[in-house]
Each structure stands twice: as C-alpha cells, then as structure tokens.
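J.: Dropping a structure here in structure tokens format, bear with me for questions.
Bear in mind these aren't lab numbers, they're just calculated from the coordinates by the rules spelled out. Just so it is clear, the model here is predicted, and its values are computed rather than measured. Positions of Cβ are generated from backbone atoms using ideal geometry, with glycine treated the same way; all protein chains shown enter the neighbour counts.
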Amino acid sequence: MSHIYSMLVSGPDDVPGALAYVAYKRMQNEWRVQFHTTHSREPDVHEETSFAQIQMLSANIESLKERGGLMATEFVQEILNEKMAALAIRVSQSELAQQFSALNTNILSNLQQIQTQLGEKKTIGGWMKDIGTAFVSSLALVAIVGSILTGYVGLAKLTASTEKAVGIQTIPNPAFREPVSTPTVPQQ
C-alpha cells in the first residue's frame with residue numbers, strides 16, 4: 001500500500017498525486033465489492049496483492065496520475081467559478097449601491113429645490129409676485145383680444161369703404177329688411 005502511495009504522490013504538496021491515490025483507493029473498494037458480489041466472500045491476501053500489482057503497472061500509474069490531475073483541475077475550476085460568482089455578485093451590488101446613492105442624492109437635491117420654491121411662495125412677497133404675474137397676464141390678454149376686435153372692425157370699415165369706392169354694392173339680406181306690416185294689438 002505505501003509502495004503505490006509513493007509511486008503516485010511525490011510530496012506533501014502534490015495535490016494531483018493525492019487525488020490519484022484517492023482514485024486508486026476508490027477503485028480498490030469497488031473491486032472488493034465486485035469481488036464479494038461475484039465470489040460471495042472477501043478477497044484473500046494473495047488476491048489483494050494481485051490487484052495491487054496490476055494497479056502498479058506503469059500504464060495504470062500514469063492513468064491514475066492523469067485522473068488525479070484532472071480531478072485537481074476540475075476542483076480548482078469549480079472553486080474559481082464559485083469565487084467568481086461571489087465576486088460578480090459583490091461587484092454588481094457595489095455598482096447598484098453607487099447608483100442608488102447617486103439617485104438618492106439627486107432626489108434629495110430636487111426635493112430641496114422644491115421646498116425652497118414652496119417656501120418662497122408662502123411669503124407675502126411670493127403671493128404678491130403671483131398676484132402681479134396674474135394681473136399682468138390678464139391685462140395682456142385683454143389687450144390682445146381688444147387688438148383683434150379693433151383690427152376686425154377696422155378691416156370691416158376698410159372693406160366697406162373699398163367697396164363703396166369701387167362701386168360694389170352689397171345686397172342686403174332680405175331677412176333684415178323692414179317688416180311688410182306691423183302687428184296690431186287686439187282691442188278689448
């Protein structure tokens with residue numbers, strides 16, 4: 001047993017060699033179970049020695065070393081994948097935290113501006129400013145509507161004087177002529 005261990009493991013830091021020895025021990029246990037199933041008994045010392053000698057052939061030792069190296073590579077890859085996944089989660093959480101912090105700062109700044117504007121509106125000066133703005137807007141609206149009406153009346157006069165100067169007579173609407181008869185009130 002120690003002879004096969006020394007053939008597979010080169011030193012205390014040889015992880016692939018140690019995993020190769022684990023693979024050998026697993027094969028040995030499977031062989032024992034299969035032997036017991038087939039022969040209905042445990043293998044004797046000579047049969048155990050024969051198994052060990054077959055496993056100590058150079059091709060089998062190389063195969064076990066390759067299997068140990070593959071197991072070590074898979075183990076390292078799995079550990080790296082787990083570490084990378086955990087790191088990716090931490091990085092994404094950190095980025096989210098930074099974005100939430102920036103968003104929170106932006107919201108607080110906007111709320112402060114709104115509160116400042118509302119505070120200005122609550123003072124007498126703020127109310128007077130709003131009333132003055134409404135008054136000026138109303139005067140401007142009256143002036144615009146008045147200008148439109150004045151312009152329309154002026155346009156109508158211009159059109160009438162142009163028609164008169166050119167000699168175009170407008171035909172009066174018969175509905176607006178003098179009534180043909182006047183209604184009389186019945187006497188009592």
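J.: Take region 1-44 and flag every residue that is part of a loop (DSSP other than H, G, I, E, B) and basic (Lys, Arg).
T.: Arg41
J.: Additional query: Could you list, in sequence order, the residues of region 43-65 that are in contact (Cβ under 8 Å) with a residue 24 or more places away in the chain and out of contact with any Pro (no Cβ under 9 Å at 6 or more places or on another chain)? Outline the logic, then answer.
T.: Here is the first cut: in region 43-65, the residues in contact (Cβ under 8 Å) with a residue 24 or more places away in the chain are 52, 55-56, 61, 64-65.
Within region 43-65, Ala52, Gln55, Met56, Ile61, Leu64 meet the criteria.
J.: Against the condition part of a helix (DSSP H, G or I), farther than 30 Å from Asn29 by Cα and polar (S, T, N, Q), how does Ser147 come out, does it pass?
T.: Judged against the criteria, Ser147 is a match.
J.: For the condition charged (D, E, K, R) and out of contact with any Pro (no Cβ under 8 Å at 6 or more places or on another chain), what is the one hit in Arg26, Arg32? Don't jump to the end; show me each part of the working.
T.: Working: Arg32 fails: out of contact with any Pro (no Cβ under 8 Å at 6 or more places or on another chain).
Within the list Arg26, Arg32, the selection yields Arg26.
J.: I'm trying to understand the selection: among the residues of region 20-42, which are surrounded by 12 or more Cβ atoms within 10 Å (Cβ to Cβ), without any contact (Cβ under 8 Å) to a residue 12 or more places away in the chain and under 21 Å from Leu57 (Cα atoms)?
T.: Lys25, Arg32
J.: Mind counting the residues in region 1-19 that are within 16 Å of Ile54 (Cβ to Cβ) and surrounded by 13 or more Cβ atoms within 10 Å (Cβ to Cβ)?
T.: Adding up the residues that qualify gives 3.
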